[in-house]
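The values are calculated or read from the model by the stated rules, or taken from the named source; none is laboratory data. What you see is a predicted model; the values in this text were computed from it and never measured. No Cβ is skipped: glycine too gets one built from the backbone with ideal geometry, and neighbour counts run over all protein chains shown. All accessible areas refer to the heavy atoms of the entire protein, side chains included, with ligands and DNA or RNA removed. Shrake-Rupley method; radii C 1.70, N 1.55, O 1.52, S 1.80 Å.
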Amino acid sequence: ASPYSQGDRLENVKTAIAMGELLFNLGFVPFVPHLSHFWENEYPQRSYEEWMKWCLAWLISCNCLLRLPGVSPGADREILMANRIGIPVYYTLDALKASWLES
């Protein structure tokens, strides 16, 4: 969970993909909702709320949520959903690694 629509969207996508790559290399199977950027560029008719509904639907399949820094109303909504359904939220990669890789 991290900024997408705040600031430079493509830079936000690159940041999210870079973290996804790092997580994948650590053995996680990350869901990177920012990849929808490319879908949205091809089919821009979807609303913000439709994309949030899609993202939150995927979140229920996740084991945890990593919140990257930056202002993001969408990421804040993801945290609320994670808390509601009992998915742990981590605010640093080190905390996530300590919980999942060292236990």
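Taking the solvent-accessible surface of protein heavy atoms with a 1.4 Å probe, what is the per residue accessible area of the range 37-103 in Å²?
Accessible area per residue, the range 37-103: 66 Å².
Per the 1.4 Å probe, what fraction of the accessible area of the chain, in percent, lies on carbon and sulfur atoms?
Here carbon and sulfur together make up 59 percent of the probe-accessible area.
For the pair Leu101/Arg9, report the inter-label distance in nm, with labels modelled 7 Å from Cα in the Cβ direction.
3.2 nm
Taking N as the number of residues in the chain, what is its alpha-carbon radius of gyration divided by 2.2 N^0.38 Å?
Against the empirical 2.2 N^0.38 Å value, I get 1.05 for the chain.
Compute the length gained on full extension between Asn41 and Asn25: take 0.36 nm times their separation in residues and subtract their Cα-Cα distance, giving the result in nm to one decimal.
That pair, Asn41 and Asn25, stretches by 3.0 nm at full extension.
Identify which of Leu59, Leu22, Leu68 has the largest mean-square fluctuation in a Gaussian network model of the chain, with springs joining Cα atoms closer than 10 Å.
Top of the fluctuation ranking is Leu22.
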